[in-house]
Each structure stands twice: as structure tokens, then as C-alpha cells.
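See structure below.
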Amino acid sequence: SEIIKGKEENVNEKSTGDLEKELLSAYPKDIAAFIAKNKDEMIDSNSRSFTDYMSRTIKEKGLQKQDVFLQADIPQGYGYKLLSEEKHTRQRDAILRICYAAGFNLDETQHALKLYRMEELYARVSRDALIMACFNNRPGSIIEVNELLLKNKMEPLRSSGIQD
């Protein structure tokens, strides 16, 4: 059996490649119509799409944010500031912890990272590959994920104790 399963297609989201294909036949005068047609797909620097996406997805999973922060081992106040984008972190692990604790699948996590303007998990990076497998197969809590990382001689998901 494969360790890392292929991405499941989300019917509500177009890939960047799909959007780029549409743009191949678009003229600059058509851009307003393109943006209107694809408004749910667009990431604008002025939008609060990360905040909206995280709140909506956590709510759809029937979870409370404070419970997610507890499972992620992230201080509640800091977690709320991250999700509202009042505070920004350069620690991708903090976002990964929140996504994992909220039961996000790999596609949802990759989308959250993209919206937060962070590098998505990359299958050619050993640590990322193991983390991807954890999102696909849910071996347990963050503690179990960190134990797997350590067992494989990889850095565990950083705690949010050091806030940047």
C-alpha cells in the first residue's frame, strides 16, 4: 500500500493550472469577468481568505477553536491571533499543528498553507513526506506525529512556545 495517497479532487476548487489555462485565452479587457467568475478561487493581499477559510472549515468539522488550540498545544490567545491574522508567524509548524488538530485532510492543509502564504508540504522533502503521510493516515495526536518524526531522525513539529 502506498504511504502517501494521491490528492483527492475538491469539486469546489480549481487548480492553479486550470485558472492559468483559462487565462491563456483571456484578454486584459476580460480580466474583470475572469475575476468575477473565479472570485472564490482568488487570493488577494487585502482579503481575509485565510481567516475565513480556517473559521469555515473548523466550523464545518463541528469543532471549537479553543479545542483545536488545546489539541495543537498552542496557547489559545496566540491561536486566535494567528487565525485572525492579527499576528503572523513564520513557523509553518504552527499552522500545521492547527490543521492537524482540526482534523484537516492533506488538501485542506495545503490550501491553508497557500492562503497563509507559506510553502506547501512537498513530497520530495523527507520530513514533509512523513507529515503528508500523517495527514493522510492520522496516526494519532500531535504527540504521536512528533514521535514518528523523532523515530525517523527528523525534527518534530515545533511548539509555539517561541512566537515570532
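Taken about its Cα centre, the chain carries a charge dipole of roughly 280 debye when the Cβ of each Lys and Arg holds +1 and the Cβ of each Asp and Glu holds -1. Residues whose amide H falls under 5 Å from that of residue 141, counting only those 5 or more places apart or on a different chain, are absent, with hydrogens built in the peptide plane.
Protein chains only, probe 1.4 Å: how do 117, 127 rank by accessible area, largest first? Intermediate values should be presented prior to the final figure.
On the way: 117 135, 127 50 Å².
The most accessible residue leads, giving 117, 127.
Put simply, the amide H of residue 87, placed in the peptide plane, has neighbours under 5 Å in 82, leaving out anything fewer than 5 places away on its chain. 3J(HN,Hα) along the range 61-69, derived from phi through the Karplus expression 6.51 cos²θ - 1.76 cosθ + 1.60 where θ = phi - 60°, amounts to 7, x, 10, 9, 4, 4, 5, 4, 4 Hz, with x in place of Gly and Pro.
Summarising the label geometry, the points placed 7 Å from Cα in the beta-carbon direction at residue 126 and residue 88 lie 3.2 nm from one another.
Residue-wise HN-Hα couplings along the range 112-129, as the Karplus relation 6.51 cos²θ - 1.76 cosθ + 1.60 with θ = phi - 60° gives them from phi, are 4, 4, 4, 5, 7, 6, 10, 5, 6, 4, 10, 4, 7, 9, 3, 4, 4, 4 Hz; Gly and Pro carry x.
Counting Lys and Arg as +1 and Asp and Glu as -1, each charge on the Cβ, what is the dipole of the range 46-91 about the Cα centre in debye, to the nearest 20? Walk me through the numbers on the way to the answer.
Details: 8 positive and 6 negative charges, 17 e Å.
Around 80 debye, computed over the range 46-91.
Here the accessible area of the chain is 50 percent carbon and sulfur, with a 1.4 angstrom probe and all protein chains present. Computed over the chain with a Gaussian network model linking Cα atoms closer than 10 Å, the most mobile of 26, 102, 112 is 26. Phi angles across the range 24-41 convert, under the Karplus curve 6.51 cos²θ - 1.76 cosθ + 1.60 with θ = phi - 60°, into 3J(HN,Hα) values of 4, 9, 8, 9, x, 5, 8, 5, 4, 5, 4, 5, 4, 5, 10, 4, 6, 9 Hz, Gly and Pro given as x.
More than 21 angstrom separation, counting every C-alpha pair in the range 76-164; what % is that?
Numbers: 998 of 3916 pairs.
When all Cα pairs of the range 76-164 are counted, 25 percent exceed 21 Å.
Going through [x] 146; [y] 135; [z] 113, the figure that equals volume of the Cα convex hull per residue in Å³ as computed for the structure here is [y].
Please report the net charge: other residues with Cβ closer than 12 Å to the Cβ of residue 75, K and R +1, D and E -1. It works out to a net charge of +2.
The values are calculated or read from the model by the stated rules, or taken from the named source; none is laboratory data. None of the values given here were measured: they were computed from a predicted structure. Methodologically, a virtual Cβ is constructed for each residue, glycine included, from the backbone with ideal geometry; neighbour enumeration extends over all protein chains shown. Please note that ligands, DNA and RNA were not included when accessible areas were found on the heavy atoms of the full protein model with its side chains. Shrake-Rupley method; radii C 1.70, N 1.55, O 1.52, S 1.80 Å.
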